[in-house]
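The values are calculated or read from the model by the stated rules, or taken from the named source; none is laboratory data. Computed from a prediction, not measured in an experiment: that's the story for all the values here. Don't worry about glycine lacking a Cβ; one is built from the backbone with ideal geometry, like all the others, and counts go over all protein chains shown.
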Amino acid sequence: MLRMAPAQKNIEACNSMPSQLKMRLMPLNSKVNNSAQCENNNSVNTISDKVNIDAEFDLEKYEAMDFKAKIRWPDLIVQVLLHLVSIYGLYLTLTFKAKLLTVLYVFFTIYTSGFGITAGVHRLWSHRAYQARTPLRVILAILFTVTGQRDIYTWALDHRVHHKYTETAADPHDIRRGFWFAHVGWLVLTPHPAVEDRRAALRKTSLDLDADPVVKWQKKYFIPMFALLNVMLPVWVPWYCWNETLENSFVISFVTRFTITLNIAFCVNSFAHLWGNKPYDRFIKSTENILVSLAALGEGWHNYHHVFPWDYRTSELGRINISTGFIDAFAKIGWAYNLKMATSAMIISRAKRSGDGTLGETEEPDPTAKNESIE
């Protein structure tokens, strides 16, 4: 029998909400079918809803399993080398042995490419929290490739498994196994059999990823694109444009930049699941972490995100969330559309029901409910 994941407890099914509340999950000009927009908080939007992937999945059996992970030595060696070389890169930076333009270029690249993770593979492809025209999807796919964090399909699939089975044996980076496992250990250890089982299961329902030509194109050409966009181009620009040494450019603009980008993403899995307040659901481990949000372009408001994963903002209005502004900018020119969002009434209701009492007064008024009075 399937045991409900902790992140799925204390959640009202959307079917129990008033129809007028469902309508306000999206902007008024949304054309998307209402029933497809409002699902249980940890469900994943998929094309193939007829496949019951949990029918024969016995989570309790996996939880009781005596599993001992093995080290994946090639992956561990790569991570160790990346971090050791990055320490040298930080030394070159802090001792001014690298040119200031190189450091600024790396900083710019880290945060520009970060939109490929936040607005791209996370909010768009993993959660389908909004839709994007082909030009924007291509831009986001290129930016995500610059980060070097695997192909879109693999990343999004793992993230869907994480949300559906949060804090269980089937969670790829289960925070219950400790900080270091959630941060980087899950990438250098063999996955739990429950994770492998659920990855295979969700492939059957994640047909939207298979159907996206941009996702297919990025997956097919990931290796040459990785070599070009994550290695060659970042190294070439400082060396060619302002005569940085080839060694400095390689160490700082490739290795150090790549490693910092990885660790910013890792922090969402570790820090934002351990330290911070829980204004929306005190029964789950994900938290609101402002430092992670600043580093990860708005992805640190994680208690909110795990309660409302389909909200394109991943946070309340009024929070620091650069990626939301990025999406909003493209929405103004029509490249991003059908932006899903929770209303003030939904947010406050959930916080009163299961939050830890720390919901502040920083939320801006809900633009779709200007005349609504909320008690």
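Please work out if residue 104 is more than 30 Å from residue 338 (Cβ to Cβ) and not acidic (Asp, Glu). Explain how you work it out, then say what you get.
On the way: more than 30 Å from residue 338 (Cβ to Cβ): yes; not acidic (Asp, Glu): yes.
For residue 104, the condition - more than 30 Å from residue 338 (Cβ to Cβ) and not acidic (Asp, Glu) - is met.
Just a yes or no: is a residue in segment 151-166 closer than 18 Å to residue 272 by Cβ, among the polar types (S, T, N, Q) and crowded, with 21+ Cβ neighbours inside 10 Å? Yes. Summed over segment 156-182, residues that are acidic (Asp, Glu) and without any contact (Cβ under 8 Å) to a residue 24 or more places away in the chain total 1. Between 260, 320, the distinction of being more than 21 Å from residue 150 (Cα to Cα) and out of contact with any His (no Cβ under 7 Å at 6 or more places or on another chain) belongs to 320 only. Does segment 347-375 hold any residues that are in contact with a helix residue (DSSP H, G or I) (Cβ under 7 Å, 6 or more places away or on another chain) and at pLDDT 90 or above, and which are they? Passing the criteria: only 350.
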